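Here the structure comes first, spelled out in structure tokens, and everything after it is commentary.
The values are calculated or read from the model by the stated rules, or taken from the named source; none is laboratory data. Note that this is a predicted model, so its numbers are computed, not measured. Cβ: placed from backbone, ideal geometry, glycine included. Neighbour counts: every protein chain shown.
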Amino acid sequence: MSESERLNPSEPHKWRPVHFANIGTDEPFVRGILDLDPVVGACRFTELESKQVKETINSVMMDGLMPAFLELRQIRDSVNNPAMPVLDRLQLYEDLGRKLWKAYKDLTEKAARAIGFKIGFLYDNDEDFEAGAKAFRESNPRLRDGFEKFLESTREEWQNELAKFRNNWLEHQRGDRRPFNKFYQPQYAESLFEAVWRTIVEILPVLLELRLMDGVRLVEQSPNDPGPRWPQRFRYDHPAFRDLK
């Protein structure tokens, strides 16, 4: 869609196809989001709800992870470009941080709301996180075991630091840049992008599983599974299925 068409939208059938981005489905983060689409279709949503959930999940990829990945590509290119001005180089890392936080916080939280859950506690201080996680478990007894521990580890390993980098330095310039030096390193940029997208594609299936038919669980396909190969990441498990011959 052109800029004028975006600002003055017409019927979708009148849109002109345009090249969106040089990012293929072979990228693991793209595949990770696309594998959620059939899971949404298996959930107990109305047709309208299903459409909205798919749109918000796709937005995590299109409006969050893809723009961040393009920044990461530029960071990779900058490593072999010593002539790049320092300010331009720093800007790449700062834009990556902003876009990753948008994908992880703003867009993932919005997707969770579309699925039917409020996960704002994930981004709160430690006390509110613990209270929120406990309340979430009480409200959703079918919640997969270990979910709170996974979120707690995520916060400790990288989330809280990324939040400080984005909120304290990038947005409000509190203190100086030195405590955040690692955010300006190519290797850390790679690992942070990996951590963010993998966390997103672990959180959303857990929430979607709660909207499946009672008793149905998601099973992630393993390379060591002896059964037939599936084109998607997930299969569905239910006690009744196990008795089928």
**Message:** Among the residues of segment 13-28, are any over 22 Å from Ala103 (Cβ atoms), at pLDDT below 95 and hydrophobic (A, V, I, L, M, F, W, C)?
**Reply:** yes
**Message:** Cβ contacts < 6 Å: first residue more than 17 Å from Leu170 (Cα to Cα) and among the hydroxyl-bearing types (Ser, Thr, Tyr), restricted to segment 68-92; second residue modelled with pLDDT under 95 and part of a helix (DSSP H, G or I), any location; separation 6+ or different chain. Result?
**Reply:** none
**Fill in**
Restricting attention to segment 34-62, the residues that are surrounded by fewer than 17 Cβ atoms within 10 Å (Cβ to Cβ) and either outside any helix (DSSP H, G or I) or of a type in the set (Phe, Trp, Tyr) (or both) number exactly 2
**Message:** I need every pair where a residue in segment 162-179 that is outside any helix (DSSP H, G or I) has its Cβ under 6 Å from the Cβ of a residue that is modelled with pLDDT under 95, sequence separation at least 6 or different chains.
**Reply:** Arg174/Asn168
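Mind listing just one residue for me: the one in segment 216-235 that is in contact with a strand residue (DSSP E or B) (Cβ under 9 Å, 6 or more places away or on another chain) and assigned to a loop (DSSP other than H, G, I, E, B) and, of those, modelled with the highest pLDDT? I'd like the intermediate steps shown before the answer.
Here is the first cut: in segment 216-235, the residues in contact with a strand residue (DSSP E or B) (Cβ under 9 Å, 6 or more places away or on another chain) are 216-221, 225, 227, 233-235.
So of that shortlist, the ones also assigned to a loop (DSSP other than H, G, I, E, B) come out as 216, 221, 225, 227, 233.
Working: Val216: 94, Gln221: 75, Asp225: 64, Gly227: 60, Arg233: 87.
Per the criteria, the residue is Val216.
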**Item:** Residue pairs meeting the criteria (Cβ under 6 Å; at least 6 apart or on separate chains; first free of Cβ contacts under 8 Å to residues at least 60 places away in the same chain and surrounded by 19 or more Cβ atoms within 10 Å (Cβ to Cβ), in segment 106-130; second assigned to a helix (DSSP H, G or I) and among the charged types (D, E, K, R))
**Value:** Tyr123/Lys105
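Per-residue answers, yes or no, for (1) β-branched (Val, Ile, Thr); (2) at pLDDT 95 or above; (3) surrounded by 13 or more Cβ atoms within 10 Å (Cβ to Cβ):
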{"residue": "Leu151", "(1), (2), (3)": "no, yes, yes"}
{"residue": "Arg155", "(1), (2), (3)": "no, yes, yes"}
{"residue": "Lys164", "(1), (2), (3)": "no, yes, yes"}
{"residue": "Asn168", "(1), (2), (3)": "no, no, yes"}
{"residue": "Arg178", "(1), (2), (3)": "no, no, no"}
{"residue": "Leu210", "(1), (2), (3)": "no, yes, yes"}
**Message:** For Leu65, only one of the following conditions fails: (1) under 29 Å from Glu190 (Cβ atoms); (2) of a type in the set (A, V, I, L, M); (3) in a loop (DSSP other than H, G, I, E, B). What is its number?
**Reply:** (3)
**Complete:** Exception for Glu138 within (1) under 30 Å from Val216 (Cβ atoms); (2) of a type outside the set (Val, Ile, Thr); (3) touching a residue at least 12 places away in the same chain (Cβ under 8 Å) falls at (3)
